[in-house]
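The values are calculated or read from the model by the stated rules, or taken from the named source; none is laboratory data. Nothing here was measured: the structure is a model prediction, and the numbers come from that model. Cβ: placed from backbone, ideal geometry, glycine included. Neighbour counts: every protein chain shown.
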Amino acid sequence: MGTLGGMDTDIDALVVGGAAAGLSAALVLGRARVRTLVVDAGEPSNRTAPAIGGLLGQDGTSPRQLYAAGRAQLASLPAVELRSGLVTRIEPAAGEGAEPAFHATLADGGAVTARRVLLAGGMRYAVPDTPGLAELWGGAAFACPYCHGWEHRDRRIAILGATAAAHRVALLRSWSEDLVVLADGELAPQDRDALRAAGVPTTEQPVAAVAPGLVRFANGDELAVDALHVLAPMAPRDDLAARLGIATTQLPNGTGIAVADTFGATSVPGVFAAGDAAGAGNVAAAIAGGSLAASGLHRTLVTEQVL
Ligand SMILES: Cc1cc2nc3c(=O)[nH]c(=O)nc-3n(C[C@H](O)[C@H](O)[C@H](O)COP(=O)(O)OP(=O)(O)OC[C@H]3O[C@@H](n4cnc5c(N)ncnc54)[C@H](O)[C@@H]3O)c2cc1C
């Protein structure tokens, strides 16, 4: 496959997103010699985290290192082309016979026609807008205890926000007993009772700002903390799936693309999804989803029978 250079090009698979899910998919597709274009906007959701926690064989590797290693492996596969860019639109195009086909447009004016599409663009994590929190996100502020709890074990962890406070305390106790709930508003009465019964220090004072090692309240009080647990609901980053009419599903932490099987098939024939966009929630699951969706996609190119 030649470079696109802004021209319309026919390929077998367009992979939207080139991080955990997209690179994993491209590896499998490229090894199966499926002509694949990966377009990646370069903003993996974990880019602010210094290290990936909980990934077998790569525990503690930085996201940047992992994705660079993935891209380097793809360089040896002639069927795969990686392109930096943003896919802004995907529309059904006339395929041969009953074959699906899709026309995709890139922000830089490039365009491509693909027989199959694999959506691996991840999700937007809605971090609370507490001043200073964005700067801590991925480091001292975290949502996934399985990813970052170990790094904050036995430290003072503040649970920020009233939502599901008692549940979060129960969960985080696996990593630290030194917990404090900063509800930043009113707690649900049953949570207030449960936290009191559990002896967990709690305040409903509005939080004005957070900074490394410190929480500042609206009344001027300050509290020293080592880490902050926050909830960050996930939502699609763009309307690519919605415009294709792809069915969605409720995930534990947001709304994502509904996949019909472990091979990432969506409700639109010819379109597959993997990674956070399809509810993965961590790097290991995103890598697995990308791999499986790639094999599902490949099968539909060559046979109607699932082997
Ligand atoms: C702060 C933070 C820390 C985390 N830490 C961990 C951890 O330690 N361990 C763990 O297992 N999990 C962790 N996670 C979760 C993990 O990062 C995600 O589950 C995983 O990255 C999902 O991979 P993905 O490939 O689906 O999406 P992403 O990694 O988000 O990658 C999607 C890629 O697609 C690109 N893209 C999106 N839309 C388009 C488009 N239209 N055109 C072109 N490109 C596009 C994006 O720019 C991005 O590069 C963390 C998440 C966050 C937010």
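When you look at Ala278, is it over 30 Å from Gly70 (Cα atoms) and modelled with pLDDT of 95 or more, yes or no?
So Ala278 fails the test.
Please go through the stretch 293-307 and pick out each residue that is outside any loop (DSSP other than H, G, I, E, B) and free of Cβ contacts under 8 Å to residues at least 40 places away in the same chain. Let's see the steps before the verdict.
The initial filter retains those residues of the stretch 293-307 that are outside any loop (DSSP other than H, G, I, E, B), namely 293-302.
Of everything in the stretch 293-307, those that are outside any loop (DSSP other than H, G, I, E, B) and free of Cβ contacts under 8 Å to residues at least 40 places away in the same chain turn out to be Gly296, Arg299, Val302.
Which of the following residues is in contact with a helix residue (DSSP H, G or I) (Cβ under 8 Å, 6 or more places away or on another chain), within 13 Å of the ligand (Cβ to nearest atom) and of a type outside the set (Ser, Thr, Tyr): Gly289, Gly281, Gly254?
From the options Gly289, Gly281, Gly254, the qualifying one is Gly289.
Scan the stretch 28-48 residue by residue and report those that are touching a strand residue (DSSP E or B) at 6+ places or on another chain (Cβ under 9 Å) and either free of Cβ contacts under 8 Å to residues at least 24 places away in the same chain or buried (at least 21 other Cβ atoms within 10 Å of the Cβ) (or both).
Leu29, Gly30, Val34, Thr36, Leu37, Val38, Val39, Asp40, Ser45
Sort out which residues of the stretch 268-292 are small (Gly, Ala, Ser) and assigned to a loop (DSSP other than H, G, I, E, B), and write them in order of number.
Gly270, Ala274, Gly279, Ala280, Gly281 - these are the residues of the stretch 268-292 that are small (Gly, Ala, Ser) and assigned to a loop (DSSP other than H, G, I, E, B).
Suppose we keep only residues that are within 10 Å of the ligand (Cβ to nearest atom) and β-branched (Val, Ile, Thr) within the stretch 51-88. Which one would you say is farthest from Leu119 (Cα to Cα)?
By that ranking, first place goes to Thr61.
Take the residues in the stretch 209-229 that are among the small types (Gly, Ala, Ser) and part of a strand (DSSP E or B); name whichever of them is surrounded by the fewest Cβ atoms within 10 Å (Cβ to Cβ).
Ala224
Restricting to the stretch 128-144, count the residues that are more than 8 Å from the ligand (Cβ to nearest atom), aliphatic (A, V, I, L, M) and touching a strand residue (DSSP E or B) at 6+ places or on another chain (Cβ under 8 Å).
Matching residues across the stretch 128-144 total 4.
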